[in-house]
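Below is one structure, written out as structure tokens; comments come after it.
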Amino acid sequence: MELNAQVRQKIREALIANRVNFEGSDAKYASSFDINSGVYNRIKKGETERVMRDAKWISIARRLNVLLGDEPEWMPAKTAIFDYITTQLSLCQRESICGLYCDKADIGK
């Protein structure tokens, strides 16, 4: 998939907007997306052409839930399993604990 300038700009805006959710430095933020800090600075200044490969832009877009085109917005099914897992993950985040989830067939995920 080849991205146009408008889509790259949309991803850039999402990347910059998401920065407020990160407590570390710009270099660490860039690293969390596997971007060189110099490249991130260029993106912050508005550059989007030939800064990164399209595959990297797409990867970032997916992590930030940026729609790349006319595809429909992804809507999760709010099943009992979804609610259970979401509750468990929220608890892990709130209490700074970790958990291990194993896939069980036919439970309606």
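Throughout, read-outs are computed from the coordinates displayed, never taken from laboratory work. Quick caveat, the model's predicted, so the values are computed rather than measured. Don't worry about glycine lacking a Cβ; one is built from the backbone with ideal geometry, like all the others, and counts go over all protein chains shown.
Give the separation of the Cα centroids, the stretch 56-72 to the stretch 8-24, in Å. What the calculation gives is 13 Å, centre to centre. Of the residues Ser59, Val39, Ile11, the one whose Cα sits farthest toward the positive end of the charge dipole of the stretch 10-85, with +1 on the Cβ of Lys and Arg and -1 on the Cβ of Asp and Glu, is Val39. Excluding same-chain neighbours fewer than eight residues apart, the lysines reachable from Lys78 by a Cα-Cα span under 17 Å are Lys109.
Might you report the magnitude of the Cβ-based charge dipole of the chain about its Cα centre, with Lys and Arg at +1 and Asp and Glu at -1, to the nearest 20 debye?
On the way: 17 positive and 15 negative charges, 77 e Å.
I would put it at about 360 debye.
Protection proxy ranking for 73-85, 44-56, 93-105, using the average of other Cβ atoms within 10 Å per residue and placing the highest first: 44-56, 73-85, 93-105.
Taking Cα atoms only, the orientation of helix 5-18 departs from the longest principal axis of the chain by about 60 degrees. This structure gives Kirkwood radius over Cα pairs in Å, computed directly, and of [x] 16.4; [y] 13.7; [z] 14.9 that value is listed as [x].
On C-alpha positions alone, give me the angle between the axis of helix 54-63 and the longest principal axis of the chain, in degrees, nearest 10. Roughly 40 degrees, rounded to the nearest 10.
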